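The values are calculated or read from the model by the stated rules, or taken from the named source; none is laboratory data. As the structure is a computational prediction, the values presented were derived from the model and not from experiment. Note that each Cβ is placed from the backbone with ideal geometry, even for glycine, and that neighbours are counted across all protein chains shown.
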Ligand SMILES: Cc1cc2nc3c(=O)[nH]c(=O)nc-3n(C[C@H](O)[C@H](O)[C@H](O)COP(=O)(O)OP(=O)(O)OC[C@H]3O[C@@H](n4cnc5c(N)ncnc54)[C@H](O)[C@@H]3O)c2cc1C
C-alpha cells in the first residue's frame, strides 16, 4: 500500500534535509573512521529508515518499490555508506523473510528488523562462488529437527553488526539452484563466527566480512520456504535489490552533477567560468541526460513491479502467468551503475586537479561508485540476465 501523498512528500522532504544537514557534513569523518557514527544510526532508526520496505503490520513504513526508490535516490546524495547502514534491513537481508517467511517467522523477526533493533545480512557469495551463485557449496544437512550448517560466506555486507543472516546453503544432492535452500541463521548460534572486515577501495563505513559456519545446528523451523526453493528466493530478493541499487546510482549521479555545476560556475580559466566553455557544457549535458534516462527506467520498472506484486498478492506466492520484472530490474541496475561510473569520471575531469585531491570529495565518490558495477550481480551478469529474459520472452 502506498503512503498518502502528503505523508510521502513529508518523508522525502525529511530525508532530503537529513542528508544535507546531518550526513553530508560527516562524509570525511566516515571515510577516515570506516564507520558510521552510532548517533547517526539512532537518528536513522527514529526516521523509520530501517523499516522502509517492511509492511506496517510488522512496524515498518510499508513503502511501495517506487516510493522506496525515491527515498534511495535521496540517500544517494551522500556517501553510500550511510545508506548501507540500513540498506540490508530494507533490502537483501530482510526480503527473503518478507517473500517466503511463515507468519511465525515474520512475527519473530520483522518488527525488530523494521525498528533497527537488529541488523540483518544476506549471505550468498562464497570464496569459490560469486557470479555462478547457483553453485553454492555451503552445506545444510538434515539432522533430526535441525540442519547442520557448514561453510564460509564471503564479502557479506554488515556481517560484523548483524544478528541475523539469510543464508543460502545446499540441502540436496541436486546440482545447481534446485539443490539450494534458504535459512534464517541467528548470529548467536554456537559455531557462527565473523572474519575481520575487509579493506576496500571505497564505500568506507560500509563494512564486509566473511561469515563462517562451523557445524552450526540450525532449527528446521528456520528454513525459509521449502527445501530447494532457496535459490529462487534469493533471485527474487535480488530483483528488488537491483532496483534499489539502481535508484541509489541515480542519486549519486545527481549529487555529482550538482557538485559539477557549482564548481564549473565558480572556477575561472581563460577569463571566464569553465561552465561557459562548450566542451565542459557537453560533459554536463551528457551526465544529466544519462542520469534522467536512468531515473525514468528505475521509476517505470518500480511502478511495473508494484503492479505485478499487487497481482501476485491476489494470486498467492508465485504469479501463475509467469510475468516478472527481472529483465527490467537487471537493465536498470546495468544502465544506472555504468551511467554513474561515467558521471563520476566526467566529474573528476570537470574538477581537473581538484577532482584528484581528497579534500573536494569527488575522488571519494569516484571510488565509491565503482562497487555498483560489481555487487548484486556484475554488469556482465546483468547482460546475461537481460539476454536470457529477452530470448525467453521471444523479443
Ligand atoms: C563491497 C561488497 C559487498 C558485497 N556484499 C555482499 C552481500 O552482502 N552478500 C553477498 O552474498 N555477496 C556480497 N558481495 C559479493 C558480490 O555480489 C560478488 O562479489 C559479485 O557477485 C561478483 O562475484 P565475484 O566477486 O566472485 O566475481 P566473479 O564471479 O569471480 O567474476 C569475476 C569477473 O568475471 C566475470 N564473469 C563471471 N562469470 C561470467 C560469465 N558467465 N560471463 C561473462 N563474465 C563473467 C564477472 O562479471 C567479473 O567481471 C559483495 C561484494 C563486495 C565487493
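Cβ separations smaller than 6 Å between residues 6+ apart or across chains give the following pairs from segment 373-395 residues that are part of a helix (DSSP H, G or I) to residues that are near the ligand (Cβ under 6 Å from one of its atoms): 381/131.
Within segment 374-387, does at least one residue satisfy the condition of being touching a strand residue (DSSP E or B) at 6+ places or on another chain (Cβ under 9 Å), under 21 Å from residue 247 (Cα atoms) and either modelled with pLDDT of 95 or more or within 16 Å of the ligand (Cβ to nearest atom) (or both)? Among the residues of segment 374-387, at least one is touching a strand residue (DSSP E or B) at 6+ places or on another chain (Cβ under 9 Å), under 21 Å from residue 247 (Cα atoms) and either modelled with pLDDT of 95 or more or within 16 Å of the ligand (Cβ to nearest atom) (or both), which makes the answer yes. Look at residue 234 and say whether it is within 16 Å of the ligand (Cβ to nearest atom), part of a helix (DSSP H, G or I), touching a helix residue (DSSP H, G or I) at 6+ places or on another chain (Cβ under 6 Å) and at pLDDT 95 or above. It is false that residue 234 is within 16 Å of the ligand (Cβ to nearest atom), part of a helix (DSSP H, G or I), touching a helix residue (DSSP H, G or I) at 6+ places or on another chain (Cβ under 6 Å) and at pLDDT 95 or above.
The test for being part of a helix (DSSP H, G or I), free of Cβ contacts under 8 Å to residues at least 60 places away in the same chain and buried (at least 16 other Cβ atoms within 10 Å of the Cβ) holds for residue 26. Inspect all residues belonging to segment 150-165 and state whether any of them is in contact (Cβ under 8 Å) with a residue 24 or more places away in the chain, part of a strand (DSSP E or B), more than 10 Å from the ligand (Cβ to nearest atom) and on the phi > 0 side of the Ramachandran plot. Yes, segment 150-165 contains at least one residue that is in contact (Cβ under 8 Å) with a residue 24 or more places away in the chain, part of a strand (DSSP E or B), more than 10 Å from the ligand (Cβ to nearest atom) and on the phi > 0 side of the Ramachandran plot.
On the basis of being within 16 Å of the ligand (Cβ to nearest atom), free of Cβ contacts under 8 Å to residues at least 40 places away in the same chain and assigned to a helix (DSSP H, G or I), does residue 365 make the cut? Judged against the criteria, residue 365 is not a match.
Among the candidates 251, 228, the residue that is part of a loop (DSSP other than H, G, I, E, B) and touching a helix residue (DSSP H, G or I) at 6+ places or on another chain (Cβ under 6 Å) is uniquely 228. For the residues 169, 114, 182, 206, the requirement of being crowded, with 24+ Cβ neighbours inside 10 Å and more than 16 Å from the ligand (Cβ to nearest atom) singles out 114.
For residue 324, the requirement of being touching a helix residue (DSSP H, G or I) at 6+ places or on another chain (Cβ under 8 Å) and within 15 Å of the ligand (Cβ to nearest atom) is not met.
Criterion first (within 16 Å of the ligand (Cβ to nearest atom), at negative phi and touching a helix residue (DSSP H, G or I) at 6+ places or on another chain (Cβ under 8 Å)) does residue 343 satisfy it? The answer is no for residue 343. The residues of segment 128-143 that are part of a loop (DSSP other than H, G, I, E, B), surrounded by fewer than 24 Cβ atoms within 10 Å (Cβ to Cβ) and touching a residue at least 40 places away in the same chain (Cβ under 8 Å), listed by number, are 131, 138.
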